[in-house]
Structure formats: structure tokens, C-alpha cells
Amino acid sequence: MISSERRRRIVAAVHADGAASVRRLAEQLQVSESTIRRDLEHLDRDGELLRTYGGALAPGGGQRPRAADAGESPFAVEREQHVELKERVAARAAGLVRDGDVVVLDIGTTTPLVARHLRGRDVTVITSNLGVLDELRGDGAVRLVVLGGVLRRNYQTLVGSLAEAALRQVNADLVLLSCTGVKPNGRVVDNMAVETPVKQAMIEAAERRVLLATEVKFPGQGSYRLCSLADVDVLVTTDGAPETTTNLCREAGGKVIRA
């Protein structure tokens with residue numbers, strides 16, 4: 001069986017039941033478990049399913065992943081979650097962008113809302129987020145730079161070595177960074193290995209670092225470290241974020257804005 005057909009059957013099996021284990025898929029398709037693991041990693045990168053420990057989940061449906069195994073929700077699902085909080089954060093974050101700035105807008109569902117507030121502004125936006133592209137593609141005022149990379153369809157992002165290499169050529173005024181969690185010790189984390197190197201390259205490309213994290217991101221989830229609150233110049237959050245954690249940003253000389 002060729003790999004494309006095998007992967008098509010894997011996706012169908014996972015979506016049919018909401019989840020599937022590596023062992024069961026290997027038995028069904030009569031291949032080794034290592035082959036299935038490679039296929040699942042490939043399908044996760046393409047956004048066809050969510051890779052978990054020991055198997056995979058159908059994005060946005062079926063079983064909910066346990067906290068320890070959680071991947072990420074598809075873009076269409078996450079976009080509809082906590083919208084009012086994201087809108088407040090996005091509006092305040094857009095106000096930090098000055099005319100003439102070069103700004104990097106990160107992967108995520110809050111940064112397209114920021115982009116909406118930047119319409120008509122004399123700014124340059126650099127992004128690998130196709131949600132940002134959708135917001136700004138028709139705006140003649142904003143100079144829009146879209147990074148290359150591998151398309152993760154369900155998450156509307158471009159990732160991989162091409163995106164990372166392009167960011168090494170960038171010198172931006174600020175990055176508006178998203179995350180999946182801010183831990184009590186101040187570590188800023190994300191839950192997807194494939195996106196983490198792109199986010200880290202965005203951090204390195206910018207003079208100022210602005211973290212967008214609504215109260216639901218405290219502590220959130222994620223095992224891949226992006227940076228710490230001590231590395232952040234501005235934290236834009238909402239009223240429910242714990243003072244004990246946000247103070248770590250202030251103590252390091254950063255500013256905390258509650259939207």
C-alpha cells in the first residue's frame with residue numbers, strides 16, 4: 001500500500017471514531033507501529049489530525065484530549081472560543097503599533113483580530129498566519145509580507161524551515177506573540193512542536209516583544225518553552241490573569257496592560 005493511501009485510511013479511521021491508537025491502526029493496516037507513528041507525525045503537521053501520546057485524535061471532534069496529551073484545536077474551533085476576551089486584547093495590542101512600524105503577527109486566533117484593527121494604517125505586517133492574510137489582503141495601506149513554509153491546513157499557518165529562514169532576514173520593531181499557556185513561574189509555553197521554532201524565530205526577529213495572553217492562558221497548557229515573562233516588554237491580558245504571575249513581568253521591567 002502506498003503511503004498516501006495508507007494515510008488516507010488513517011485519517012478516515014481516526015475521524016470515524018474520534019480517536020485511534022497506534023497499535024490498532026498498525027493492526028488494521030498491517031504495517032509496523034513505527035510506520036504508523038511516522039504517518040501520524042506527517043498528518044499532524046498537515047493539520048489532518050491531532051497527534052497524541054500513543055495515537056491520534058480527530059481535530060475538533062470525538063474525544064477531548066486529556067491535559068497531558070492535548071494537541072490544539074483547529075483554527076475554526078479556536079477562533080470561536082473566548083471571542084470577547086480576544087477582541088479586548090487585540091484592540092489594546094493594536095494601539096501599541098505606531099505608524100511606520102514593522103510588526104510581526106504570530107500564529108494564533110487573536111492576531112487576525114489585531115490585523116483587523118490595523119487596516120488602513122501605515123504599517124508593515126509580517127506573518128505566517130493565513131488568518132492575518134485574509135484580514136489584510138485587500139488593504140492598500142498595509143504593506144503585507146507573508147512568510148513561506150509548509151501549510152498546516154486546519155490551523156491556517158505556514159511552518160517549517162522556509163518560514164524560519166525568512167525570519168532570520170527580518171528586523172522588526174515588534175512582535176505580537178501568542179501562546180497556549182503562561183505558567184506560574186513565568187514560563188511562556190506552546191503545545192505544538194512544529195510551531196514553536198517559528199515563534200522563537202519571530203521573537204528573535206523583533207526589537208520589542210508583546211505577549212497576547214487572555215486570562216484563560218493562565219496557566220493554560222503546553223510543554224514547549226517559547227520564552228519567559230522576564231523576556232517580554234509588554235504583556236497584554238485581561239482582568240482574570242493572576243497578579244502573582246503577571247507581576248513577574250513587571251519585576252523584570254516589563255509593562256502589564258489589562259484590556
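For the stretch 181-236, what are the residues that are closer than 24 Å to Val145 by Cβ, without any contact (Cβ under 8 Å) to a residue 60 or more places away in the chain and assigned to a loop (DSSP other than H, G, I, E, B)? Val232, Asp233, listed by residue number.
For (1) charged (D, E, K, R); (2) buried (at least 23 other Cβ atoms within 10 Å of the Cβ); (3) more than 18 Å from Leu174 (Cα to Cα); (4) not assigned by TED's automatic domain parsing to the domain that holds Leu177, each residue gets a yes or a no:
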{"site": "Ile107", "(1), (2), (3), (4)": "no, yes, no, no"}
{"site": "Thr110", "(1), (2), (3), (4)": "no, yes, no, no"}
{"site": "Arg121", "(1), (2), (3), (4)": "yes, no, no, no"}
{"site": "Leu130", "(1), (2), (3), (4)": "no, no, yes, no"}
{"site": "Val142", "(1), (2), (3), (4)": "no, no, no, no"}
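Considering the stretch 210-227, and only residues there that are crowded, with 18+ Cβ neighbours inside 10 Å and among the hydroxyl-bearing types (Ser, Thr, Tyr), the residue that is nearest to Val83 (Cα to Cα) turns out to be Thr214.
Consider the stretch 25-60 and keep the residues that are among the basic types (Lys, Arg) and in contact with a helix residue (DSSP H, G or I) (Cβ under 8 Å, 6 or more places away or on another chain). The one that is modelled with the lowest pLDDT is Arg51. Of all residues in the stretch 30-54, those that are within 10 Å of Arg152 (Cα to Cα) have Cβ atoms under 9 Å from Cβ atoms of residues that are among the polar types (S, T, N, Q) and modelled with pLDDT under 85, 6 or more apart or on another chain, in Asp46/Asn154; Gly47/Asn154; Glu48/Asn154. Scanning the stretch 116-164 for residues that are touching a Lys or Arg at 6+ places or on another chain (Cβ under 7 Å) and in a loop (DSSP other than H, G, I, E, B) yields a count of 3. Across the stretch 158-197, the number of residues qualifying as at pLDDT 95 or above, buried (at least 21 other Cβ atoms within 10 Å of the Cβ) and more than 17 Å from Asp233 (Cα to Cα) comes to 1.
The values are calculated or read from the model by the stated rules, or taken from the named source; none is laboratory data. Small disclaimer: the values here were computed from a predicted structure and weren't measured. Methodologically, a virtual Cβ is constructed for each residue, glycine included, from the backbone with ideal geometry; neighbour enumeration extends over all protein chains shown.
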